[in-house]
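Notes to accompany the following structure.
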Amino acid sequence: MECHICFSVLPAIDQTVECGGSSSCDVWSPPQQEGEWNRKDKIFAKGNKEACFAVHLERIPLFHIATTIGPCAILVVLMTITFIMPIDKGDRISFGVTILLSMVVSLVFVTEVLPVKGDLPFLATLIVVCLGLMGLFLFFTIYIITIHGKKGSLSPMAKAFFLH
């Protein structure tokens, strides 16, 4: 994100704005870390009638990797573990629902931290896609437990889908 603040000379006053002899005029300063942002700034003259100050802000991605992408990946891996858990245990569904609720909490956290624009941010889209996958995993887990508890033979379609 880049912001410009410009001050202009009144047209009634016959003066010009010139950059001083310092070497920092019209050159970006070295990046400085300000919390989760990298900040650079510069001072420059525009058309001999305006003095401008520009600030360039760039978000450090480590914050979102540590708070969003990492936990999202861990929760997806944990959700796939539900397929490895023993079917006879009743904890399989509660484990999946707990992970799904953890993902909802992550989505709430992300919506509070990310700036609001017209579009859905990439990280929120990632979490929504992972939520959909987790819901699908949970649906298949419930279906597998239902099939496991049935007496008798499976239908040909279920045999083809789950056993081939």
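The values are calculated or read from the model by the stated rules, or taken from the named source; none is laboratory data. Being a predicted model, the structure only gives us computed values, none of them experimental. Note: ideal-geometry Cβ built from the backbone for every residue, glycine included; neighbour counts use all protein chains shown. Calculation scope for accessible area: heavy atoms of the full protein, side chains included, ligands and nucleic acids excluded. Shrake-Rupley method; radii C 1.70, N 1.55, O 1.52, S 1.80 Å.
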Condition check: polar (S, T, N, Q) and open to solvent by 60 Å² or more (accessible area, probe 1.4 Å). Does Thr98 satisfy that? yes
Residue ID - modelled with the lowest pLDDT, chosen from residues in segment 3-15 that are of a type outside the set (A, V, I, L, M, F, W, C) and surrounded by 10 or more Cβ atoms within 10 Å (Cβ to Cβ): Ser8
One residue from Leu131, Leu123 being part of a helix (DSSP H, G or I) and more than 30 Å from Gln32 (Cα to Cα): Leu131
Note on segment 48-88: residues over 30 Å from Cys6 (Cβ atoms) and outside any helix (DSSP H, G or I) are Pro61, Thr82, Phe83, Ile84, Met85, Pro86, Ile87, Asp88
All positions within segment 30-72 that are surrounded by 13 or more Cβ atoms within 10 Å (Cβ to Cβ) and farther than 25 Å from Leu123 by Cβ: Asp41, Lys42, Ile43, Phe44, Ala45, Lys46, Lys49, Glu50, Ala51, Cys52, Phe53, Ala54
